[in-house]
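The values are calculated or read from the model by the stated rules, or taken from the named source; none is laboratory data. Owing to the predicted nature of the structure, the values given are computational and were not obtained by experimental measurement. Don't worry about glycine lacking a Cβ; one is built from the backbone with ideal geometry, like all the others, and counts go over all protein chains shown. Ligands, DNA and RNA are excluded from the accessible area calculation, which covers all protein heavy atoms including side chains. Shrake-Rupley method; radii C 1.70, N 1.55, O 1.52, S 1.80 Å.
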Amino acid sequence: MRIATNVIRVLVGVLFIVSGLVKANDPLGLAYKMEEFFEVWNASLAAGSFFAKGALIGLFNWLHGHALALSIFMIALEIIAGVALLLGIWRRWVLNGLLLLIIFFTFLTAYATLSGKFRSCGCFGDCLPIPPLASFGKDIALLLLIIWLLVFQRYIQPLFSLRAGRLVLVLSVIFSFGIQWYFLRHLPAADCLPYKIGKNIPEGMKIPAGAVPDSFAMKFIYQKGGKQYDFDLSNLPTDTAYKFVDRQDKLVRKGNAEAPIKGFVLQDAAGTDVTAQVLAEPKAVLVFVLHFDNLNDWLPDVRELYRQARGRNVPFFVITANASKGRVLFNGAGLSEVVILSCDNTAVRTAARANPTVYLVEKGTIRDKTAIGSVKRVISKI
């Protein structure tokens, strides 16, 4: 039992660390996935009659507003708990914590699987998308392994002295929060999104060749003698006594005929679609802004970037989901000549994993991409 228990200990510890590290690459991605869960739950609660739905909706709304903080904490907890398990210190607390964590994850993946409303649960981030069913199976297996460790925890012994173990654990805490802070400010190290350097945005807006469309079964509803009857396309009634009432399409098989880039439509102040015009420019600077809360922190860099682009006759655009607010703020900052375009919020959030994110685009192809703090790199390439 000792050997089996320690093999399982290493396996579980490494899995939690890897899972946390993959998500630490993009904490905002997990935050957006959590927001999606909260939105779906609230929609289901609002449509139901659960006696405590008001309290739960309020809780999920609060969590929705703090999704990024929750994401950072959950990612750090995975890494720290995995390290603590490998170290073998505080085994009872660590194992009980892991049990609660995996129960929570199992609930999420079970809901994602049974509801059919999610293509991926976000368990390993965008770089390792896993279907909900596979992720649910993984969580069940981990749950059983953690229960094993709880039963045979007496065989788990510390790798180092308690003092050394504590030091390593403190370093893992600093690392797990520090790495997330770095990637939130400087973009993910591994870009697994459709807006990565080298990708062509217009091509990404097309459905890939060979994609399988959704498959539907058509049901035709006829009425005869006050009763309704269902027929499929192969056996429609020939008797004129049957009167056509309605046609219903039922999804039989979900396909994958979706473009990697969705909702990328750029509109100017007049509401005109200028997407094709912007993406046809020989060279253009696009600044994607998630929000304007910390405008004063990055406005000087945007001002300098705009000055450099204008001096080299390179078109400059600010793209945001809240263009009206952006225009007011930029006008007040003396940058009224900056063109601010509106775009779907989901598209902006996908394109910008730091606020703001700067793109250098040549005829729709992304040549460079960086957080505003490293804008000098883009300036050198304009």
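Below are the figures for this structure:
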| item | result |
| --- | --- |
| Qualifying residues in segment 330-357 (those that are among the hydroxyl-bearing types (Ser, Thr, Tyr) and in contact (Cβ under 8 Å) with a residue 24 or more places away in the chain) - the one least open to solvent (accessible area, probe 1.4 Å) | Thr357 |
| Filter result (more than 30 Å from Arg91 (Cα to Cα) and either open to solvent by 80 Å² or more (accessible area, probe 1.4 Å) or part of a helix (DSSP H, G or I) (or both)) within segment 155-188 | Tyr182, Phe183, Leu184, Arg185, His186 |
| Unmet requirement for Arg310, which otherwise passes all of (1) outside any loop (DSSP other than H, G, I, E, B); (2) in contact with an Asp or Glu (Cβ under 9 Å, 6 or more places away or on another chain); (3) under 23 Å from Val265 (Cα atoms); (4) open to solvent by 10 Å² or more (accessible area, probe 1.4 Å) | (3) |
| Exclusive hit being in contact with an Asp or Glu (Cβ under 7 Å, 6 or more places away or on another chain) and in contact (Cβ under 8 Å) with a residue 40 or more places away in the chain, set Ile75, Ile102, Ile80, Ile89 | Ile102 |
| Residue match in segment 314-329 (condition: under 20 Å from the mean Cα position of the chain (by Cα), crowded, with 17+ Cβ neighbours inside 10 Å and outside any loop (DSSP other than H, G, I, E, B)) | yes |
| Segment 128-148 residues that are free of Cβ contacts under 8 Å to residues at least 12 places away in the same chain, paired with ones that are open to solvent by 50 Å² or more (accessible area, probe 1.4 Å) and outside any loop (DSSP other than H, G, I, E, B) (beta carbon under 8 Å, 6 or more apart) | Ile130/Lys138 |
| Residues (among the small types (Gly, Ala, Ser) and touching a strand residue (DSSP E or B) at 6+ places or on another chain (Cβ under 7 Å)) located in segment 324-382 | Gly326, Ser342, Ala351, Ala352, Ala354, Gly364, Ala371 |
| Any hit, segment 73-93, residues being over 30 Å from Ala164 (Cβ atoms) and either aromatic (Phe, Trp, Tyr) or open to solvent by 30 Å² or more (accessible area, probe 1.4 Å) (or both) | no |
| Near pairs, Cβ below 8 angstrom, 6+ apart or cross-chain, from segment 48-67 (of a type outside the set (Lys, Arg)) to any residue that is in a loop (DSSP other than H, G, I, E, B) | Leu56/Phe50 |
| Flag if Asn25 is surrounded by 13 or more Cβ atoms within 10 Å (Cβ to Cβ) and at pLDDT 90 or above | yes |
| Top-ranked residue in segment 281-305 [being surrounded by 12 or more Cβ atoms within 10 Å (Cβ to Cβ) and farther than 22 Å from Val328 by Cβ; ranked as nearest to the chain's Cα centre (by Cα)] | Ala284 |
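Residues are listed down the side, and each one gets a yes or a no for (1) aliphatic (A, V, I, L, M); (2) open to solvent by less than 80 Å² (accessible area, probe 1.4 Å); (3) assigned by the TED database to the domain that holds Val7:
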residue	(1), (2), (3)
Leu101	yes, yes, yes
Thr109	no, yes, yes
Thr113	no, yes, yes
Leu128	yes, no, yes
Leu142	yes, yes, yes
Val151	yes, no, yes
Leu193	yes, yes, no
Ile197	yes, no, no
